[in-house]
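Below: one structure, written as structure tokens.
Please treat every number below as a calculation from the coordinates, not as lab data. No experiment lies behind these values; they were computed from the predicted model shown. FYI the Cβ positions are ideal-geometry reconstructions off the backbone, even for glycines, and counts take in every protein chain you see.
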Amino acid sequence: MLIDGLHIDYKLLRQTSPETARMAVLAYLDSCGGKVTQTARVFRITRVTIYDILSKRKSGDLLDRSKAPLSQPKKTSLEVEEVVIKFKNKTRLGALRLSRHLKKYEHLVVPYGTIRHILRRNKGKLTVKGLKYQRHKLKREFVDWYSAKPFEIVQMDLKFIRDHKALTSQQIIHLDNYHIPNYQWGALDVNSRFKLIAYSREKTWTNGLCWYLWVISYLRSHGVTENIVFTVDNGEEFGGRSWLKVALLRKLISGFGCKLIQNHKGHPEENAHLERSHRTDDDEFYIPRVFKIKSEQNLLDEAMGYMYYYNNVREHSSLNDLTPFVHLKKQLPQISDTMKYIQPFILDDVSVKIGPWSGYHVLVQNHTLVMSKNKVLDKYGVEITRQTDASYLAVCDEVQGVYAEGKTYLDAMLNVEDILRNVLELNGAIGNPDKPGIKFNLQIPNPYLAAYGYRSNTSY
């Protein structure tokens, strides 16, 4: 580049081509009669650089010299490199697993770091190219908070209890001294602001999965029949960015009439109602009560009292000064009154008691929850089982010809109830007060319930 008609930017020329930059220096040097100092001023380089360029012209090579050492006694041989490339193309394994494969089956010891370097400098010989996964930026499904029915939209999130923005250093030290769990799990109904909580020592996918299952089971066993939409952030405990976990989770909860929507990353306002309740938890529970908590059992007892206060005593301005449970009861009179007595628990203990499996394996475990249904199903036994085509069959053995199918447990239950009601009305048996109550059997893939205290001989 010519500057003021006197200077050329040698560095800029080198960025384009080192060989072209040196040729320009030599051309000017020849044109000015070999004046090295003048050439150095024009190109703004040192005289040493010019002498180096002259030396390169004498050797017949104006390209940059290789910086590799002349002697490389530890360099991997070409034979070994060919073996690595061969098995990389054959097995498609990564560097670490390929190193183990070569050692086990080929009796060839090649550190995985060396394999990485070999693959990096032999990209042209690889038939297996590195796959570049592109995340499709799908628009988050619109969630209408304002017209949502009770428990139609449930926000779920995790709260770190030891929040330095809320608690003092002394309060946090107190929690540490008594080994109080780190995390509070929350689920909040957008319509009524009714809230459920649990605790855990660790933030894990297994605990997150148990929390999903418990919330669903708690709501279904207390009379909530709405299709539930869960909105969650992208935390690993809720599936995160793992498409496999999210896919398995969506498949699992769909059987309960539930759906999962992940919020945009970095947008906590999409769980605004639950996020706001976390501040209330700090102001009205943790800050004034933290020094009274000296064990996990103390925490659970205090939290149970706080949940009763939050859902049944505390008036919410957004609900026209009603409590969440009163607001909920006005819309869903069939909701069981026992729903308001929430007993928080430690998720980690539940995970341990379930069995020696991870979060993935919980998906395939099964437990029978025996529920008592009002109206028709409280007097006639109905058993729901899963069929081979993933649908569900509901059969009433006491009344001939009464059975129904459904895509979900809930669909099968509601369908068989309608059929049973019609049959009983035709036979004039509806509302028979002499008929004794019979339990309603529902197959739920939730082993967690057994550990938490739900038993097959208990009615809900």
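Using the Cα centre of region 229-352 as the reference point, and only Cβ charges (+1 on K/R, -1 on D/E), how large is the resulting charge dipole? Debye, rounded to the nearest 20. Each step should come with its number before you reach the end.
Numbers: 15 positive and 18 negative charges, 103 e Å.
Charge dipole, region 229-352, about its Cα centre: 500 debye, nearest 20.
Taking the Cα centre of region 78-125 as origin, sum charge times position over the Cβ atoms of Lys and Arg (+1) and Asp and Glu (-1), and report the length of that vector in debye to the nearest 20. Walk me through the intermediate numbers first.
Details: 13 positive and 4 negative charges, 62 e Å.
Charge dipole, region 78-125, about its Cα centre: 300 debye, nearest 20.
Charges at C-beta only: +1 for Lys and Arg, -1 for Asp and Glu. How large is the resulting dipole of region 1-76 about its Cα centre, in Debye rounded to 20?
With only Lys, Arg, Asp and Glu charged at Cβ, the dipole is about 400 debye.
Taking 41 Å as R0, compute the FRET efficiency from the Cβ-Cβ separation of Val395 and Lys259 and round it to 0.05.
Values: r = 27 Å, r/R0 = 0.67.
Efficiency for this residue pair is about 0.90.
Explain nothing, just the number: relative contact order of region 153-349, from Cα pairs under 8 Å at least 6 residues apart, as a whole percent.
Values: 278 pairs, mean separation 54.2, N = 197.
Here the relative contact order equals 27 percent.
Pop a pseudo-label 7 angstrom from the Cα along the beta-carbon direction at both Asn227 and Lys67 and give the gap in nm to one decimal.
6.1 nm
Just subtract the alpha-carbon distance of Gln334 and Arg162 from 0.36 nm times their residue separation and send over the number in nm, one decimal.
Working: separation 172, 0.36 × 172 = 61.92 nm, distance 3.85 nm.
Full extension of this stretch gives 58.1 nm more.
Pulled fully out, how much extra length does the chain show between Asp349 and Ser55, if you take 0.36 nm times their separation in residues and subtract their Cα-Cα distance?
Details: separation 294, 0.36 × 294 = 105.84 nm, distance 7.61 nm.
Extra length available between Asp349 and Ser55 comes to 98.2 nm.
Hey, if you put +1 on the Cβ of every Lys and Arg and -1 on every Asp and Glu Cβ in region 153-349, which of Leu332, Val290, Thr280 ends up farthest toward the positive end of that dipole?
Comparing the listed Cα positions along the dipole, Leu332 ranks first.
So how do Cys258, Cys210 line up by other beta-carbon neighbours within 10 Å, fewest first? Intermediate results must be reported in sequence, preceding the final value.
Numbers: Cys258 23, Cys210 27.
Fewest-to-most Cβ neighbours within 10 Å comes out as Cys258, Cys210.
Placing +1 on the Cβ of each Lys and Arg and -1 on the Cβ of each Asp and Glu in region 153-349, which of Ile342, Asn234, Gly223 has its Cα farthest towards the positive end of the resulting dipole?
So the residue we want is Gly223.
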